[in-house]
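Working notes, beginning with the structure itself.
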Amino acid sequence: MTTNTVVPTASLLAFMILAPAIPGQDDDALPIVKGYGESAWGQSLAEVQKIWPDGKAKTQGGFHVAYEIAAAASGDGPKTRRILNLIDDQLHGVVVVYELPGRPERGEDEEGFALIEALIKKKYPAESLVATGIMIRAVPRPDGSIQVSYLNVKILRAAEQAIKERQEQEAAERRGASGRAKILEALELEGTL
């Protein structure tokens with residue numbers, strides 16, 4: 001994932017950990033809890049491509065795929081592009097880039113950012129999202145555009161854990177398949193540590 005298209009995972013996870021859960025929160029209260037637009041959280045790249053067939057997929061680091069859809073394909077006015085982020089073939093994040101009319105060509109669009117941030121707070125109250133695992137964040141960019149990131153932290157965490165467990169299992173199988181593992185065990189190194 002590129003740093004200019006996604007919100008750093010660590011800061012989002014820190015927010016989710018530090019923010020209190022809302023008891024009795026109805027996870028179905030907001031459509032964003034189920035997915036972004038026509039997509040659903042957890043969908044595969046193939047499913048996403050059926051919804052938006054004109055995008056371009058780019059693999060980033062093996063388990064990460066960014067699927068970019070240009071404005072012509074989205075038909076969404078000031079939205080210039082969408083980047084759907086998948087990990088382990090599961091949709092977990094969407095980045096939408098807005099270029100609002102009258103924005104500065106260089107520097108941040110302070111007025112546009114303030115408007116988008118206020119609209120996000122109105123449409124998606126933070127207390128309604130915390131318990132759901134959905135993070136939404138707007139960021140003004142130095143080219144005058146505004147990036148809005150939607151992240152399903154639950155899917156991201158589960159996918160990262162599944163990848164980690166698979167990698168550990170594969171490493172254990174490789175070690176077990178080599179004859180060296182038995183030789184190393186016979187050394188009884190535990191007592192020397």
- Those residues of segment 20-36 which are part of a loop (DSSP other than H, G, I, E, B) and either modelled with pLDDT under 90 or more than 14 Å from GLY93 (Cβ to Cβ) (or both), in sequence order: PRO20, ALA21, ILE22, PRO23, GLY24, GLN25, ASP26, ASP27, ASP28, ALA29, LEU30, LYS34
- Give the residue, chosen from THR192, THR132, that is under 20 Å from GLY42 (Cα atoms) and either surrounded by fewer than 11 Cβ atoms within 10 Å (Cβ to Cβ) or of a type in the set (Val, Ile, Thr) (or both). THR132
- Message: Which count do you get for residues in segment 42-71 that are open to solvent by 30 Å² or more (accessible area, probe 1.4 Å), part of a loop (DSSP other than H, G, I, E, B) and at negative phi?
- Response: 4
- Message: Any residue at all in segment 59-74 that's in contact with a Phe, Trp or Tyr (Cβ under 7 Å, 6 or more places away or on another chain) and modelled with pLDDT of 95 or more?
- Response: no
- Matching residues in segment 31-63 (in contact with a Leu (Cβ under 7 Å, 6 or more places away or on another chain) and within 26 Å of VAL130 (Cα to Cα)) number 5
- Message: All but one of (1) outside any strand (DSSP E or B); (2) at pLDDT below 95 hold for ARG81; state the number of the condition that does not hold.
- Response: (1)
- Only one residue in ILE155, ILE120, ILE116, ILE163 is crowded, with 16+ Cβ neighbours inside 10 Å, in contact (Cβ under 8 Å) with a residue 60 or more places away in the chain and part of a helix (DSSP H, G or I). Which one? ILE155
- Task: Consider ASP89 carefully, then state whether it is in contact with a Leu (Cβ under 8 Å, 6 or more places away or on another chain), buried (at least 21 other Cβ atoms within 10 Å of the Cβ), in contact (Cβ under 8 Å) with a residue 12 or more places away in the chain and of a type in the set (D, E, K, R).
- Result: no
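The values are calculated or read from the model by the stated rules, or taken from the named source; none is laboratory data. Remember, it's a predicted structure, so these values are computed and weren't measured experimentally. Every residue, glycine among them, receives a Cβ derived from its backbone with ideal geometry; neighbour counts consider all protein chains shown. Each accessible area value is taken on the protein alone, full model and side chains, heavy atoms only, with ligands, DNA and RNA left out. Shrake-Rupley method; radii C 1.70, N 1.55, O 1.52, S 1.80 Å.
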